[in-house]
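For reference, the structure is listed below as structure tokens.
The values are calculated or read from the model by the stated rules, or taken from the named source; none is laboratory data. Computed from a predicted model, the values in this text were never measured in an experiment. So basically every Cβ, Gly included, is an ideal-geometry build from the backbone, and we count neighbours across all protein chains shown. Protein only, heavy atoms only, side chains kept; ligands, DNA and RNA dropped before computing areas. Shrake-Rupley method; radii C 1.70, N 1.55, O 1.52, S 1.80 Å.
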Amino acid sequence: METNHLPDKAGYSIAMLSNEKLLSVYGPANCLKHAGKLPDITTAMNTTAPTLAAISREKGRGFSQALVMGSLV
């Protein structure tokens, strides 16, 4: 089974990632699993993870809404 991880300074382009790959890397379950590895807010802000606005621009409003709704459930 493949282990998902949050890339650090990988410089992924959102447009190049398929929706499935984007969700496997930046989905709520994977992000929560690795959130404890971030020691402070400064480190979290300096990651290269895409913002919700960037995901919305690249993948569309519907996809970003589904991502947020999935993380709330």
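Okay, here's what the table says:
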item: Failed item in (1) at pLDDT 80 or above; (2) open to solvent by 90 Å² or more (accessible area, probe 1.4 Å), with residue 30 passing the rest; result: (2)
item: Among (1) open to solvent by 100 Å² or more (accessible area, probe 1.4 Å); (2) among the aliphatic types (A, V, I, L, M); (3) at pLDDT 80 or above - the single one residue 44 does not satisfy; result: (1)
item: Condition met for residue 44 (small (Gly, Ala, Ser), out of contact with any Leu (no Cβ under 8 Å at 6 or more places or on another chain) and more than 19 Å from residue 72 (Cβ to Cβ)); result: no
item: Unique match (being modelled with pLDDT of 85 or more and either in contact with a strand residue (DSSP E or B) (Cβ under 8 Å, 6 or more places away or on another chain) or assigned to a helix (DSSP H, G or I) (or both)) among 64, 24; result: 64
